Every structure is written in structure tokens, then in C-alpha cells.
Amino acid sequence: MDFEELYHRHFRDVYSFAYALSRNETIAEEITQETFFKALRSIDSFKGHCKMTVWLCQIAKNTYFTYESGQKRFARHRVPERAGAEDVEDAVLNKDDAFRIHQALHRLHEPYKEVFTLRVFGELSFAQIAQLFEKSESWARVTFYRAKQHIRNALKEESPQ
């Protein structure tokens with residue numbers, strides 16, 4: 001199947017999926033276009049273990065979440081810094097909290113340290129992290145969650161109550 005045929009055959013499904021995620025026509029169009037661009041670049045990695053539509057929608061989902069993550073980071077940079085941010089990822093943006101987080105991160109054991117660093121500072125998707133470690137995407141999500149928990153606990157122990 002050539003790219004044009006792939007695009008025409010699956011465009012509506014991918015667009016509908018992207019629209020269901022974003023609830024915005026413009027964003028859905030951008031996500032759909034980016035999805036097909038990524039699919040074209042990595043078509044050799046499609047092994048046929050699932051339907052083409054499933055593979056494309058997985059790419060669309062990851063593209064959408066990357067887009068959303070970028071929008072949140074952009075919005076956070078425009079807001080004044082907040083002391084004592086609740087979430088570890090938000091706290092990284094606050095210079096006072098960032099050093100404390102880096103200290104806690106420095107004390108973390110592997111693979112938690114590297115997974116957290118790749119996700120927060122490297123802005124990699126869970127799929128990309130899983131690929132680097134040759135593990136599942138679920139493993140990457142759980143490892144990241146546990147790393148955040150370790151850092152939260154370290155910050156709680158450190159702060160006066």
C-alpha cells in the first residue's frame with residue numbers, strides 16, 4: 001500500500017480519534033497531519049501485529065499527549081512562579097523547588113533516576129522511554145510514577161511541618 005492510499009483509507013478514523021481526544025477541529029487536523037507524517041517516517045517499524053488503524057491511532061494518541069504536554073509547559077512558563085507547587089513536575093519549574101528536587105533525584109536509584117530525567121527534562125514519551133530500556137510502556141509509566149513518589153516523599157521528609 002502506498003502512502004496516499006494509506007492516507008485516504010485511514011484519514012477519517014485517525015481524524016475522528018484525534019477529534020475525540022481534543023474536541024477541537026484545528027487541533028485534530030494538526031494531530032492527524034503529524035500522525036501521518038510520523039507514520040511515513042516509521043512505516044518500517046509497523047510489524048503488522050495489529051490493524052493499521054490501531055497503530056495509527058496509537059501514534060495519534062502519543063502525538064496528542066505530547067502536544068498537550070507542550071501546551072501545559074508553555075502555559076506554566078507564562079505564569080508567575082509558585083512556591084510549594086503540589087506536583088513534582090510543576091515544582092521543577094520553580095527555581096527554589098528545582099534544586100531540592102535535583103537533590104532528591106540525585107539520591108534516587110536507577111532506573112527511577114533516569115526514567116524521571118528522561119520524562120521531565122528530556123520530555124520523552126513513555127513509549128520512547130520503554131523503547132530505550134527495552135521494556136513495556138506500562139513499565140515506563142509505573143517506574144516514572146514510583147520515581148515521583150520517591151521524590152515527593154523525600155521532599156516531605158525534608159520540609160518542616
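The values are calculated or read from the model by the stated rules, or taken from the named source; none is laboratory data. Keep in mind the model is a prediction, meaning the values are calculated, not measured. Positions of Cβ are generated from backbone atoms using ideal geometry, with glycine treated the same way; all protein chains shown enter the neighbour counts.
Which residues, counting only those in the range 1-15, are in a helix (DSSP H, G or I) and not β-branched (V, I, T)?
Correct list: F3, E4, E5, L6, Y7, H8, R9, H10, F11, R12, D13, Y15.
Determine whether the range 68-79 contains at least one residue that is modelled with pLDDT of 80 or more, assigned to a helix (DSSP H, G or I) and surrounded by fewer than 18 Cβ atoms within 10 Å (Cβ to Cβ).
Yes, that holds for at least one residue.
Against the definition (modelled with pLDDT under 90 and over 15 Å from the mean Cα position of the chain (by Cα)), how does A18 come out, yes or no? Against the criterion (modelled with pLDDT under 90 and over 15 Å from the mean Cα position of the chain (by Cα)), A18 does not qualify. Restricting E123, E134, E114 to those that are modelled with pLDDT of 80 or more and on the phi > 0 side of the Ramachandran plot reduces the list to E134.
Look at the range 1-22: where a residue is free of Cβ contacts under 8 Å to residues at least 12 places away in the same chain and a partner is hydrophobic (A, V, I, L, M, F, W, C), sitting 6+ places away or on another chain with Cβ atoms under 6 Å, you get Y19/A28.
Does L108 satisfy the criteria of being out of contact with any Leu (no Cβ under 6 Å at 6 or more places or on another chain) and at pLDDT 80 or above? Spelling it out, L108 is indeed out of contact with any Leu (no Cβ under 6 Å at 6 or more places or on another chain) and at pLDDT 80 or above. Among the residues examined, Q33 qualifies as more than 19 Å from E137 (Cα to Cα) and in a helix (DSSP H, G or I).
Looking only at the range 18-38, residues that are hydrophobic (A, V, I, L, M, F, W, C), within 19 Å of E5 (Cβ to Cβ) and in contact with a helix residue (DSSP H, G or I) (Cβ under 6 Å, 6 or more places away or on another chain) come to 1 in all.
Restricting attention to the range 103-161, and to residues there that are in contact (Cβ under 8 Å) with a residue 12 or more places away in the chain and touching a Gly at 6+ places or on another chain (Cβ under 9 Å), which single residue is surrounded by the most Cβ atoms within 10 Å (Cβ to Cβ)? Only one residue fits best here, namely I129. Checking each residue in the range 28-58 for being surrounded by 17 or more Cβ atoms within 10 Å (Cβ to Cβ) and either farther than 22 Å from A127 by Cα or among the hydroxyl-bearing types (S, T, Y) (or both) picks out T32, T35.
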